[in-house]
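The structure appears below as structure tokens.
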Amino acid sequence: MNVYEKIIKKSEKGTVHMTLIDPATSGMEGSARIAREAERAGTDFILIGGSTHLTIKEMDQSAQAIKEGTEIPVIIFPGSSDMFTTYADAIFFMSLLNSRDREFIMDHQVKAARIVKASGMESIPMGYLIFEPGMTVGRVGKAQLIGRTDSHLAVNYALAAELLGMKLVYMEAGSGASQPISTEVIREVRKYISIPVIVGGGIRTPSVARSMGQSGASIIVTGTIAEQSVDVYKSLKPIIDAIK
Ligand code: 1GP
């Protein structure tokens, strides 16, 4: 079973949890520690990456350290064409659909395509949408932000992603956002598309995570909460339990 099939299988049983680890923030050892504790707390997948540029060497070292201590799949969540490592199990081959700059819609992808293909790694096409407030990824990715309650525009983008053949759509408020996207937007998007919806950015409490899942998010991503926590297990366990 490939990683995408595992995501689908898990999402059929309940809301999936992914832990985002940014080696630029957590370092190699910190990344490995977060991954181990997150796995113990019940996270389903590890995402490695972020908006800060990382070299292949840094990605390799961190992915290797994460893989050594965990059994769950590791997926690359790239911020640029350089952010690749053959130590991961799959890559989100993503396009920032609401960027004003074609670099994030197609140029990084064109640059990376040959390397990804040659590696033989599983590539999962994903539409990436950034909502207000957008945070660092909104600025770096030059996003034309979607309002956090703008269901109409969100549905249009999500439908475009599905019609383009993307296998996932990620609705992102930005890492560290003061609040996540609205549950109304998730509910509306869910009505129109059949591919899994990922929601991330600003999710910090079990009740918020649960309401995202109940509104139709197939996958919840958290990052900051583990990054800033002394006890990663203790901070993630209630969130993961709440959505399962
Ligand atoms: C960022 O959505 C993720 O891509 C995680 O956001 O750091 O706010 O949990 P947080």
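List the lysines whose Cα sits under 20 Å from the Cα of Lys57, skipping any in the same chain fewer than 8 residues away.
Straight-line reach from Lys57, under 20 Å: Lys67, Lys111, Lys117.
How would you classify the range 9-56 from its alpha-carbon gyration tensor, with a ≥ b ≥ c the square roots of the eigenvalues: rounded for a/c under 1.5, else prolate if a/b is greater than b/c, otherwise oblate?
On the way: a/c = 3.59, a/b = 1.78, b/c = 2.02.
Oblate.
Hey, with R₀ at 45 Å, roughly what FRET efficiency would Arg100 and Val230 work out to, going by the Cβ-Cβ distance, to 0.05?
0.70
Straight-line reach only, C-alpha to C-alpha below 18 angstrom: list the lysines that Lys191 could link to, leaving out same-chain residues fewer than 8 apart.
Lys167
Counting only the backbone N, which residues of the range 149-184 are under 19 Å from the spot 7 Å out from the Cα of Ala24 toward its beta-carbon?
Residues 172-178 qualify, since their backbone N sits under 19 Å from the label point.
Note down the nm distance, to one decimal, between modelled labels 7 Å out along Cα→Cβ at Glu12 and at Leu164.
Distance between label points: 2.8 nm.
Once a ≥ b ≥ c are taken as the square roots of the eigenvalues of the Cα gyration tensor of the range 3-243, is the result rounded (a/c under 1.5), prolate (a/b larger than b/c) or oblate (a/b not larger than b/c)?
The shape class here is rounded.
Using the Cα gyration tensor of the range 1-95, with a ≥ b ≥ c the square roots of its eigenvalues, what is the shape: rounded (a/c below 1.5), prolate (a/b larger than b/c) or oblate (neither)?
The shape class here is oblate.
What is the antiparallel percent of DSSP beta bridges lying wholly in the range 3-243, to the nearest 5? Mind dumping the intermediate values first?
Values: 1 of 35 bridges.
Counting only bridges with both partners in the range 3-243, antiparallel ones make up about 5 percent.
First select every other residue whose beta carbon is under 9 angstrom from the beta carbon of Val74; then total the charges, Lys and Arg +1, Asp and Glu -1.
Within the 9 Å Cβ shell, the charges total 0.
Where a number appears in this text, it was derived from the coordinates with a stated rule and is not lab data. Note that the structure is a prediction, hence the values are computed from the model and not measured. Cβ sites come from the backbone with ideal geometry, for glycine too, and all protein chains shown count toward neighbours.
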